[in-house]
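Participant: Got a structure for you, written out below as structure tokens; questions coming shortly.
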Amino acid sequence: MRVLVTGGAGFIGSHLVTRLLGDGHDVRVLDDLSTGKRENLAHLAAADVELVVGDVRDGATVDACARGCEVVFHEAAIVSVPYSVEHPQTSHDVNLQGTLNVLLAARAQGVRRVVFACSAAVYGDEPTLPKREDMAASPISPYGIEKIAGEQYVLAWPKLYGVEGVSLRYFNVFGPRQDPRSPYSGVISVFVDRARAGREITVFGDGEQSRDFVFVEDVVQANVLAATVPSASGRAYNIGRGARTTLNELLAMLERIVDRPLAVRHEPPRAGDIRDSLADVSRAREELGFAPRVAIEEGLRRLIGG
Ligand code: NAD
Ligand code: UD1
């Protein structure tokens, strides 16, 4: 089938594109290359993937890209929470209007299903763990608000217009091609980058905070299942491993892998940090058949090897 991946030149999107091509699909990518890069797709034959450099804020462009597609995977977004706090209008335009544009295009072009990249940020800082999809969302940032609003659009589309919609609430995704160089980069990408270079690692706080880290290939698996399982339409799913890892545990694994002690400096906790995060992934397991396969240490080894 022909599929569209918005944000397909980004970290998660480029892994999804690779898998979809491997599965024999025709893949079109819509990406404005703001954080995505052509080189994220450079391992693929140029003839195999159609890259449209364009903006999800432009409805006509999204509409043209959706033409002839059976499924749209909507990964494009400005992913920085702090950016959304500083620039709520731009963040809204890309993350919410962009999602509405994708849904309008899907309706106009007869797309069968839209799979939406949502986020654990919809849960905010309410401390109850693990997070279940039937808990009330309580986002605390424009980014989280845009993600939950986008999800509600996606889940309403089946009943309103007959376009199937599935929302995947990713927890902390890690893996190759995640950019370690921004101040808000995922902690694993930063730690691995520094460990490889032999540079000092900064831990904000005591290192006992924990996250539900999930390897990017498992997130790709969830997307493929979300595109195909008929009963998934109209549903939201947590996508994590269903296990927590502390930063201190990550550091111990990294020391084993690089086989030398790491230089670690502690700084005060980052403002606004949550202490712990954990997904209940039983809904995705039961309804999608989702089974995360890559253990954290295995993922770290692949990341360092790659
Ligand atoms: P990323 O920044 O690598 O990917 C986002 C892609 O969207 C980039 O290629 C970027 O160029 C593109 N993009 C941004 N604005 C655009 C616009 N206006 N028009 C067209 N393309 C645009 O980040 P990622 O981590 O791969 O994130 C992918 C999706 O997953 C996002 O929707 C993000 O919110 C979601 N997500 C990621 C994580 C995580 O841990 N990485 C967690 C929760 C949710
Ligand atoms: C994620 C988002 C963040 C958002 C938050 C809200 C990513 C990459 N970040 O943050 O933008 O505000 O969800 O839900 O998706 N850390 C260090 N040293 C470092 C980098 C990070 O100690 O060099 C710590 C952080 O302080 C934090 C933990 O590592 O305690 C994880 O950080 P991060 O990877 O940014 O993820 P979240 O905190 O979950």
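Participant: Test of understanding: among A64, A47, A60, which residue is over 27 Å from L225 (Cβ atoms), in a loop (DSSP other than H, G, I, E, B), without any contact (Cβ under 8 Å) to a residue 60 or more places away in the chain and among the hydrophobic types (A, V, I, L, M, F, W, C)? Don't jump to the end; show me each part of the working.
Facilitator: Values: A64 fails: in a loop (DSSP other than H, G, I, E, B); A60 fails: in a loop (DSSP other than H, G, I, E, B).
After applying the criteria, what remains is A47.
Participant: List every residue pair whose Cβ atoms lie under 7 Å apart, where the two residues are 6 or more positions apart in sequence or sit on different chains, the first residue falls within the range 73-88 and is closer than 16 Å to A271 by Cα and in contact (Cβ under 8 Å) with a residue 24 or more places away in the chain, and the second residue, located anywhere, is near ligand 2 (Cβ under 9 Å from one of its atoms) and hydroxyl-bearing (S, T, Y).
Facilitator: From the range 73-88, the pairs are S80/Y184; V81/S141; V81/Y143; P82/Y184; S84/S141; S84/Y143; V85/S141.
Participant: For S185, indicate whether it is hydroxyl-bearing (S, T, Y), near ligand 2 (Cβ under 9 Å from one of its atoms) and surrounded by fewer than 17 Cβ atoms within 10 Å (Cβ to Cβ).
Facilitator: It is true that S185 is hydroxyl-bearing (S, T, Y), near ligand 2 (Cβ under 9 Å from one of its atoms) and surrounded by fewer than 17 Cβ atoms within 10 Å (Cβ to Cβ).
Participant: Just give me the residues in the range 124-147 being among the β-branched types (V, I, T) and crowded, with 21+ Cβ neighbours inside 10 Å, in sequence order.
Facilitator: Result: I145, single match.
Residue by residue, here is whether (1) more than 25 Å from F11 (Cβ to Cβ); (2) touching a Lys or Arg at 6+ places or on another chain (Cβ under 9 Å); (3) of a type in the set (D, E) holds:
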position	(1), (2), (3)
P82	no, no, no
V85	no, no, no
G98	no, yes, no
L103	no, no, no
Y123	no, yes, no
P127	yes, yes, no
G144	no, no, no
G162	yes, yes, no
R169	no, yes, no
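Participant: What do you reckon, is L129 assigned to a loop (DSSP other than H, G, I, E, B), in contact (Cβ under 8 Å) with a residue 24 or more places away in the chain and in contact with a strand residue (DSSP E or B) (Cβ under 9 Å, 6 or more places away or on another chain)?
Facilitator: Here the answer is yes, as L129 does meet what is asked.
Rundown of residues vs (1) over 17 Å from V154 (Cβ atoms); (2) in a loop (DSSP other than H, G, I, E, B); (3) touching a helix residue (DSSP H, G or I) at 6+ places or on another chain (Cβ under 7 Å), yes/no style:
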residue	(1), (2), (3)
S14	yes, no, yes
L21	yes, no, no
V52	yes, no, yes
A77	no, yes, yes
P82	yes, no, no
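Participant: Right, next: With (1) farther than 25 Å from F174 by Cα; (2) near ligand 1 (Cβ under 9 Å from one of its atoms) as the list, and D48 as the residue in question, which single condition is left unmet?
Facilitator: So D48 meets the others, but not (2).
Participant: From G59, G13, grab the single residue that is at pLDDT 95 or above, within 9 Å of ligand 1 (Cβ to nearest atom), of a type in the set (G, A, S) and buried (at least 16 other Cβ atoms within 10 Å of the Cβ).
Facilitator: Numbers: G59 fails: within 9 Å of ligand 1 (Cβ to nearest atom).
Within the list G59, G13, the selection yields G13.
Participant: Follow-up question, since we're still on this one. List the strands (runs of 3 or more DSSP E) inside the range 190-287, counting only whole elements, that have at least 2 residues being surrounded by 15 or more Cβ atoms within 10 Å (Cβ to Cβ) and β-branched (V, I, T).
Facilitator: Counting at least 2 such residues, we get 201-204.
The values are calculated or read from the model by the stated rules, or taken from the named source; none is laboratory data. Remember, predicted model here, so these are calculated numbers, not experimental data. When we count neighbours, we look across all protein chains shown, and the Cβ atoms used for this are built from the backbone with ideal geometry, even at glycine.
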